[in-house]
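J.: Can you read through this structure? Questions will come right after.
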Amino acid sequence: MRNALFFIFLSLCSCQNPAGNPNLASVPYPMELHHSNSVPIQVLRNQEYISIVNSTAVDYTNAILWINQRYSGELSPIPAGSTLRFNLWSLRDAYGEQFNAGGIWRTDEPSQLVIAELQLSEVEPLVGLVVIGEE
């Protein structure tokens, strides 16, 4: 009986999400660069992907995407008037944990996308984006 309980306990523990991977960690969120203004760049979520629609006349190159003031990832250039598709699973936080983007095989609820920002340099204020369709 003890062996059965041990194996049940072991299987329950092994089904938990793994801890973050420090080798994949990003830098901490740059709170000192946070700015309350936003630009007309829309972020639309479709399951584990987002579309970033640059409806401005500005090209954004070498930008880092910040989600929920925690997760970040490098973006490809987003020329003026273009749309970029981005996989949310590629986002990591300062502990190496992935953004829970959801998907067909996931059993837990995906994380909500609340705040999206672009970091253009280490000194410029972050550029706020408009998140569409998240509750």
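Here, each number is a calculation from the coordinates, and none is a lab measurement. Computed from a prediction, not measured in an experiment: that's the story for all the values here. Note that each Cβ is placed from the backbone with ideal geometry, even for glycine, and that neighbours are counted across all protein chains shown.
J.: Could you give the length gained on full extension between N23 and E109, defined as 0.36 nm per residue of separation minus the Cα-Cα distance, in nm?
T.: 28.4 nm
J.: Could you calculate the contour length gain from R85 to L120, that is, 0.36 nm times the residue separation minus the distance between their Cα atoms, to one decimal place in nm?
T.: Taking R85 through L120 to full extension adds about 10.7 nm, to one decimal.
J.: For the residues W66, W89, what sequence is obtained by ranking on other C-beta atoms within 10 Å, fewest first?
T.: Starting with the residue having the fewest Cβ neighbours, the order is W89, W66.
J.: Within segment 64-135, list the trypsin sites (Lys or Arg not before Pro) lying in a DSSP loop whose Cβ has at most 16 other Cβ atoms in a 10 Å radius.
T.: Here the sparse-neighbourhood loop sites are R106.
J.: Please work out, to two decimal places, the log10 of the ratio I(q)/I(0) at q = 0.13, 0.15, 0.22 Å⁻¹ from a Debye calculation in which every Cα of segment 26-132 carries one identical scatterer.
T.: Cα-only, vacuum Debye calculation for segment 26-132: -0.44, -0.58, -1.26.
J.: A follow-up question, please. Given contacts defined as C-alpha pairs under 8 Å and at least six residues apart, what's the relative contact order of segment 26-132, whole-number percent?
T.: Once divided by the residue count of segment 26-132, the mean separation gives 34 percent.
J.: Right, next: Over what distance in Å are the Cα centres of segment 67-91 and segment 94-130 separated?
T.: 9 Å
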